[in-house]
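S.K.: Can you read through this structure? Questions will come right after.
Read-outs: derived from the displayed coordinates by stated rules, not from any lab. Since the structure is predicted, the reported quantities are computational estimates derived from the model, not experimental observations. In this analysis, Cβ positions are derived from the backbone assuming ideal geometry, glycine residues included, and neighbour counts consider all displayed protein chains.
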Amino acid sequence: MKKTFSSIIVLVTVLLFIITIDVNAQVNKLSKEEKKDGWQSLFDGKSKKGWHIYLNTSDGSSWKVSDGELYLDASHPRQWDTPGGGDLVTDGEFENYHLSMEWKISDSGNSGIIFGVKEDPKYERTYHTGMEMQVLDDNGHPDRAYISHRAGCLYDLIPVTQSTVKPAGQWNKAEIIYNKGSLKLFLNGVNVVSTTVGDENWKKMLAASKFKQWPDFSTFRNGRIALQDHGNTVWYRNIKIKKLS
């Protein structure tokens, strides 16, 4: 009986190991169908190639790669702008695209996916030009008190239609479809925000927001993608983009 039980334990362990290998093999890799459909990987799972710190030539020593995950190591005392950190941006600019990635956040953590970023010394921060899809621990971070600051929101502008975020430490799938002014945000397969950038409703919304102090906010259709350093540990993987016609 003991031998049989031991054999079962060994078999289960081996099966779990095989499953883990198979899952890891698919992380940060495009399928044949995705490649044929025009998807491009923005993270190879091994390095920070294709990324740099905003307004800097460094790739940020606090942004690290381990186990196929790109993450901000903010384990030291929290500061705004992690030492050796800063917002990590793509080397390339993109216009009219479908962006997809997975993220998970630390307990009470805060970060964001910022897009439409124009890198220029006259813009001190990525969010002076780029819009943000919020990355947040809705259960622990104080920003949960603001409906337009919760995970999946178009930060400080449009709240999610419903909460689909998973708890801290679990992976979420975020998608941003930005095509000729039409903007749709998806979180875990649900379309949580839809709007048209630049129309009359958009202009009225901006005029009543804090973003009115930055006149070039959301004006660049062609821009970089940024992963925000908000002083909390955050992980990203499966970062890919498809250009739309």
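S.K.: Sort the following peptides by mean Cβ neighbour count (other Cβ atoms within 10 Å, averaged over residues), highest first: 81-92, 188-199. Could you put the intermediate results ahead of the total?
M.R.: On the way: 81-92: 19.0, 188-199: 15.9.
Top of the packing list down: 81-92, 188-199.
S.K.: Roughly what angle does helix 2-26 make with the longest principal axis of the chain, taking Cα atoms, 0 to 90 degrees, to the nearest 10?
M.R.: Helix 2-26 sits roughly 30 degrees off the main axis of the chain.
S.K.: Based on Cβ point charges of +1 for Lys and Arg and -1 for Asp and Glu, what charge dipole magnitude is obtained for the chain about its Cα centre, in debye rounded to the nearest 20? Walk me through the numbers before you get to the answer.
M.R.: Values: 31 positive and 29 negative charges, 119 e Å.
With only Lys, Arg, Asp and Glu charged at Cβ, the dipole is about 580 debye.
S.K.: Would you mind pulling out the separation of the Cα centroids of segment 149-188 and segment 65-143, in Å?
M.R.: 14
S.K.: Shifting gears a bit: Place the peptides 112-124, 36-48 in order of packing, highest mean first, counting for every residue the other Cβ atoms within 10 Å and averaging per peptide.
M.R.: Sorting 112-124, 36-48 by mean packing, highest first, produces 112-124, 36-48.
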